[in-house]
1. I'd like the full set of residues that are open to solvent by 20 Å² or more (accessible area, probe 1.4 Å) and in contact with a helix residue (DSSP H, G or I) (Cβ under 8 Å, 6 or more places away or on another chain), limited to segment 31-43.
2. Restricting attention to segment 146-156, and to residues there that are open to solvent by 10 Å² or more (accessible area, probe 1.4 Å) and more than 15 Å from the chain's Cα centre (by Cα), which single residue is farthest from Ala9 (Cα to Cα)?
3. Tell me, which residue of segment 150-184 that is in contact with an Asp or Glu (Cβ under 8 Å, 6 or more places away or on another chain) and either within 13 Å of the ligand (Cβ to nearest atom) or in a helix (DSSP H, G or I) (or both) is farthest from Thr98 (Cα to Cα)?
4. Output the qualifying pairs, or none if there are none: Cβ atoms under 8 angstrom, residues six or more apart or on different chains, first residue in segment 67-93 and within 23 Å of Val177 (Cβ to Cβ) and aromatic (Phe, Trp, Tyr), second residue within 16 Å of the ligand (Cβ to nearest atom) and modelled with pLDDT of 95 or more.
5. Tell me which of these Arg141 doesn't satisfy, since it passes every other one: (1) farther than 21 Å from Val94 by Cβ; (2) among the charged types (D, E, K, R); (3) within 12 Å of the ligand (Cβ to nearest atom).
6. From the list Leu213, Leu225, which residue is open to solvent by less than 60 Å² (accessible area, probe 1.4 Å), more than 10 Å from the ligand (Cβ to nearest atom) and within 17 Å of Gly21 (Cβ to Cβ)?
7. Testing Leu192 on (1) open to solvent by 30 Å² or more (accessible area, probe 1.4 Å); (2) more than 14 Å from the ligand (Cβ to nearest atom); (3) within 24 Å of Ala25 (Cα to Cα), one condition comes back false. Which one is that?
8. Answer yes if at least one residue in segment 114-135 is among the charged types (D, E, K, R), at pLDDT 95 or above and either in contact with a Pro (Cβ under 9 Å, 6 or more places away or on another chain) or open to solvent by 10 Å² or more (accessible area, probe 1.4 Å) (or both), and no otherwise.
Amino acid sequence: MSEHEIAGATALVTGASRGFGRAIAAALSRAGAQVVGVARDRAALEELRAELDGSFTPVPADAADPVVAGELIDRYRPGVLVLNAGATPLPRPVQHHTWQTFSRNWDVDVQHAFGWTREALLAPLAPGSTVITLSSGAALRGSPLSGGYAGAKAAIRWLTGYAAEESERAGLGIRFVSLLPQLTPATDLGALYVAAYAARQGDGPAAPGGPPLTPDLAGQAVTELAADPGYQEHAYVLTAEGLRPLA
Ligand SMILES: NC(=O)c1ccc[n+]([C@@H]2O[C@H](COP(=O)([O-])OP(=O)(O)OC[C@H]3O[C@@H](n4cnc5c(N)ncnc54)[C@H](OP(=O)(O)O)[C@@H]3O)[C@@H](O)[C@H]2O)c1
């Protein structure tokens, strides 16, 4: 799918109500896609519809519900599918988690990535389609204040790699790519963790060095990746400087 082909294509973004997902939906819409946005916050989705005019279809729903994934893949057959929805884990040291709080990102992030990835392979989506999942830099470094988050995000990276291999083996022509964004204070989830790690160190708010990754930069990077079939790696680190293949 080239930049030219994004115009008029259908893109579906989960977690489109705020943060990265909202900006990704807006960037794909500006590139000419018809965007379907899934999240639970109906009012926030309606605000985005007002901003993006006719190019955005809000779908208030739980993206981790496998019935939602099946219905929406059947209805929209998106050429670009961005699996971005993610729960905010409790910012606590591991001994202050229960199993239920520890496994929250498995129940939401991983279950949702698994369900939609499975539907994308089984449909199958059209050759030339791209499925992008949101893993995290935490998958590489750990995240000691967020329970099972880092392991869940590592599972999403591996799941996406497995799906890429299955697509290749079956000659489906569907590209599967995971993104590992760096921690940024520019979203609700990121701001909570930047503050939590800073408080633990006893400093002021701390973020990774260099300019922060903003939602707009994430939106640009996802749109560029979706438009350029030259991005053939299965995983990319995402920083304010853009996309870098995961070594
Ligand atoms: N920000 C960072 O520093 C950072 C770094 C690495 C990776 N990431 C990953 O990037 C993704 C986006 O993060 P963000 O910082 O933009 O987070 P955010 O601001 O907290 O937004 C999360 C989005 O996910 C949606 N969501 C959560 N549970 C959902 C569910 N069950 N069904 C549908 N939508 C759901 C939320 O919408 P509703 O509440 O309206 O449902 C919201 O739109 C996440 O997967 C996150 O783990 C973030």
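The values are calculated or read from the model by the stated rules, or taken from the named source; none is laboratory data. Bear in mind that the values here come from a model prediction, so they are computed numbers and not experimental data. Heads up, the Cβs are rebuilt from the backbone with ideal geometry, glycines too, and the neighbour counts pull from every protein chain shown. The area values use the complete protein model at the heavy-atom level, side chains included, leaving out ligands, DNA and RNA. Shrake-Rupley method; radii C 1.70, N 1.55, O 1.52, S 1.80 Å.
1. Ala31, Gly32, Gln34
2. Gly147
3. Ile156
4. Close Cβ pairs satisfying both conditions: Tyr76/Leu12; Tyr76/Val36.
5. In the conditions (1) farther than 21 Å from Val94 by Cβ; (2) among the charged types (D, E, K, R); (3) within 12 Å of the ligand (Cβ to nearest atom), Arg141 misses (1) alone.
6. On the way: Leu213 fails: more than 10 Å from the ligand (Cβ to nearest atom).
Of the residues listed, the single one that is open to solvent by less than 60 Å² (accessible area, probe 1.4 Å), more than 10 Å from the ligand (Cβ to nearest atom) and within 17 Å of Gly21 (Cβ to Cβ) is Leu225.
7. Every condition holds for Leu192 apart from (2).
8. Yes, because at least one residue in segment 114-135 is among the charged types (D, E, K, R), at pLDDT 95 or above and either in contact with a Pro (Cβ under 9 Å, 6 or more places away or on another chain) or open to solvent by 10 Å² or more (accessible area, probe 1.4 Å) (or both).
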